[in-house]
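Here you go, one structure.
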Amino acid sequence: MLRVKSTLGCAVLALAVACGGGGNPPPPPPAMATALAYTDPVSADYRLLGNAALSTPSRLVLDLVGPSSQNGQGLAFILTADPAKVSWVQPPNTTGLVQNLAFDPGGAVVLTGTDKGGGALHGAVFRKAGAVPLGQPLARICLVLKANAVPVNTTIGFTLTAGNTLSDTGTVLPLTLATGTLVAK
């Protein structure tokens, strides 16, 4: 009789353990990011460089810089970023989503950028006449981390989808733009 009771007790204990009564608790949810960290791309003709003076932990300000050996009249681009993780917003001290830094449009207020949804930013900056050196900040854009949307140490992809430049001679050329690495921290 004692043997039956002990066998029955072992069976009940084994059943309780098998049904979850003694396992490890579930892991805690991942920590969510509150900041963006950007590493500039290795040198390239056209590139997006982080602007540390204007960026905040959750807002990344990027300056589009061109090749120092060329002159041009403007450029147009479409950038995409994961809309579940970041949003395109106005850079500081400007009214549009793309700030024209180098190309004088000739006095008229010009729409320079729009968020087309799905994470796509369409931007264009041109001058009315003449050309300027391209080896300087040409345009400024800004990304903001979405609150409680991205786990810490997640890489956030953003890329140039399409773009063109207008050379100093008026020739339209394809834009190749290097982006750095963006990580949620």
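From the list G119, G180, G96, exactly one residue is without any contact (Cβ under 8 Å) to a residue 24 or more places away in the chain, surrounded by 13 or more Cβ atoms within 10 Å (Cβ to Cβ) and small (G, A, S). Which is it? Spell out how you get there, then give the answer.
Numbers: G119 fails: without any contact (Cβ under 8 Å) to a residue 24 or more places away in the chain; G180 fails: without any contact (Cβ under 8 Å) to a residue 24 or more places away in the chain.
Just one listed residue meets the conditions, G96.
Return yes or no: is A149 part of a strand (DSSP E or B), within 22 Å of Y38 (Cβ to Cβ) and touching a residue at least 40 places away in the same chain (Cβ under 8 Å)?
Values: part of a strand (DSSP E or B): no; within 22 Å of Y38 (Cβ to Cβ): yes; touching a residue at least 40 places away in the same chain (Cβ under 8 Å): yes.
In short, no.
If you take the residues of the range 48-69 that are among the hydrophobic types (A, V, I, L, M, F, W, C) and assigned to a strand (DSSP E or B), which of them is nearest to S87 (Cα to Cα)? Step through it out loud before you land on a result.
Here is the first cut: in the range 48-69, the ones among the hydrophobic types (A, V, I, L, M, F, W, C) are 48-49, 52-54, 60-62, 64-65.
Checking the rest, the ones that are also assigned to a strand (DSSP E or B) come to 48-49, 60-62, 64-65.
Details: L48: 17, L49: 18, L60: 10, V61: 12, L62: 13, L64: 18, V65: 22 Å.
Across the range 48-69, the extreme among qualifying residues is L60.
Additional query: Look at L79 and say whether it is touching a His at 6+ places or on another chain (Cβ under 9 Å), modelled with pLDDT of 95 or more, of a type outside the set (F, W, Y) and not in a loop (DSSP other than H, G, I, E, B). First the steps, then the outcome.
Values: touching a His at 6+ places or on another chain (Cβ under 9 Å): yes; modelled with pLDDT of 95 or more: yes; of a type outside the set (F, W, Y): yes; not in a loop (DSSP other than H, G, I, E, B): yes.
The answer is yes for L79.
Assess whether L177 counts as being under 14 Å from T80 (Cα atoms) and aliphatic (A, V, I, L, M). Reasoning before the result, please.
Details: under 14 Å from T80 (Cα atoms): yes; aliphatic (A, V, I, L, M): yes.
Yes; evaluated as a whole, the condition is true for this residue.
If you go through the range 82-102, how many residues are in contact with a Gly (Cβ under 6 Å, 6 or more places away or on another chain), at pLDDT 90 or above and under 27 Å from G130 (Cα atoms)?
Of the residues in the range 82-102, 2 are in contact with a Gly (Cβ under 6 Å, 6 or more places away or on another chain), at pLDDT 90 or above and under 27 Å from G130 (Cα atoms).
Another question about this same structure. If you check G74 against the conditions, is it in contact (Cβ under 8 Å) with a residue 40 or more places away in the chain, surrounded by 15 or more Cβ atoms within 10 Å (Cβ to Cβ) and on the phi > 0 side of the Ramachandran plot? Walk me through it before giving the result.
On the way: in contact (Cβ under 8 Å) with a residue 40 or more places away in the chain: yes; surrounded by 15 or more Cβ atoms within 10 Å (Cβ to Cβ): yes; on the phi > 0 side of the Ramachandran plot: yes.
So G74 fits the description; yes.
Can I ask one more? Going by what's in this entry, would V125 be described as among the β-branched types (V, I, T), modelled with pLDDT of 95 or more, outside any loop (DSSP other than H, G, I, E, B) and out of contact with any helix residue (DSSP H, G or I) (no Cβ under 8 Å at 6 or more places or on another chain)?
On the way: among the β-branched types (V, I, T): yes; modelled with pLDDT of 95 or more: no; outside any loop (DSSP other than H, G, I, E, B): yes; out of contact with any helix residue (DSSP H, G or I) (no Cβ under 8 Å at 6 or more places or on another chain): yes.
No, not satisfied.
Within the group P105, P137, P174, which residue is more than 26 Å from A33 (Cα to Cα), at pLDDT 95 or above and surrounded by 14 or more Cβ atoms within 10 Å (Cβ to Cβ)?
On the way: P105 fails: at pLDDT 95 or above; P174 fails: surrounded by 14 or more Cβ atoms within 10 Å (Cβ to Cβ).
Result of the check over P105, P137, P174: P137.
How many residues, within the range 9-42, are part of a loop (DSSP other than H, G, I, E, B), of a type in the set (G, A, S) and at pLDDT below 80? Spell out the reasoning first.
Our first condition is that a residue be part of a loop (DSSP other than H, G, I, E, B); within the range 9-42, this holds for 19-31, 33-35, 40-42.
So of that shortlist, the ones also of a type in the set (G, A, S) come out as 20-23, 31, 33, 35.
Cutting the leftovers down to at pLDDT below 80 gives us 20-23.
Qualifying residue count, the range 9-42: 4.
For the structure I just gave you, tell me whether D45 is farther than 21 Å from G113 by Cβ, buried (at least 17 other Cβ atoms within 10 Å of the Cβ) and either over 17 Å from the mean Cα position of the chain (by Cα) or at pLDDT 95 or above (or both).
Details: farther than 21 Å from G113 by Cβ: yes; buried (at least 17 other Cβ atoms within 10 Å of the Cβ): yes; either over 17 Å from the mean Cα position of the chain (by Cα) or at pLDDT 95 or above (or both): yes.
Yes; evaluated as a whole, the condition is true for this residue.
The values are calculated or read from the model by the stated rules, or taken from the named source; none is laboratory data. The model shown is predicted, which means the values in this text are computed figures rather than measured ones. Positions of Cβ are generated from backbone atoms using ideal geometry, with glycine treated the same way; all protein chains shown enter the neighbour counts.
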